[in-house]
Structures are given as C-alpha cells and as structure tokens.
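Undergrad: Quick one: the structure is below, questions incoming.
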Amino acid sequence: MKKLLGITIVAICVASTSASAWTRYGGGWSCGMVTESKNNVAYETQFQAWSMGFISAVNDMTQTTLQDAPDQYGVWQAILLHCQNNPLDDLYTATASVLGEIIRKQPR
C-alpha cells in the first residue's frame, strides 16, 4: 500500500509540474544546465543536495522504507543520465522520474 501511495505521489508531482498547483522550492534548473555544470563543485553540490532532499522528503511523507536502496551516488548518476537523455527537462522532473523507477523496482 505504501509503495502504491509513493508511486501515486511521484506520478502526481510529475504530472502537475506545468499546472503549478502547488508550491515547489528549487528543482527548476534545466537538465541542460545540470549536465553542463557537472564539473562545477558548487553547482553539483547544490543540485545533489536538492535532489536528495526531495527524495528524502517524499519517502518521509509516504512513510516509505526502500529495500536494497541504491546509494546517493547511484541515484545521482541516474539523475544525470536522465538529464543527458532529456536536456529540456528540469532537475525536479529528472529526480521525480528516478525516484519513480526506484519505487517501481521495489519487491512486492
């Protein structure tokens, strides 16, 4: 049930990005900027911190405990890969998409 709730929240968040039905702080940086800044320690630290904070907040809100969760480095690499493949997306969309994939891969 928690897994379904988590997937539902992530899906709603991704779907409502353009509707601006709720307030989101940060995450609006384009994936193009994220990938171009991957060698800039200040930017990369900021982007990683935002992404890990978002994932942690969703997990906390949904009371989700991930089984065999990937470490933050693997998650960050998946977010970068999403951004490389979708440069017009933003960091929020990339992070939410990766979180959705992680949740979908959880054992039932």
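Read-outs throughout are calculated quantities, based only on the coordinates presented, and are distinct from any laboratory measurement. Fair warning: this is a prediction, and the values are worked out from it, not measured in the lab. Cβ: placed from backbone, ideal geometry, glycine included. Neighbour counts: every protein chain shown.
Undergrad: Please list, in chain and number order, the residues 5+ apart from Asp90 or on another chain whose amide H is under 5 Å from its amide H, with Hs placed from the backbone.
TA: The list, which skips near neighbours in sequence, is Cys31.
Undergrad: Mind checking the full-extension length gain between Tyr25 and Leu88? Use 0.36 nm per residue of separation minus the Cα-Cα distance, one decimal, nm.
TA: 20.8 nm
Undergrad: Can you give the net charge of the other residues whose Cβ lies under 12 Å from the Cβ of Val34, counting K and R as +1 and D and E as -1?
TA: -3
Undergrad: Give me the net charge of Gln77's neighbourhood, meaning all other residues with Cβ under 14 Å from the Cβ of Gln77; Lys, Arg count +1, Asp, Glu -1.
TA: -2
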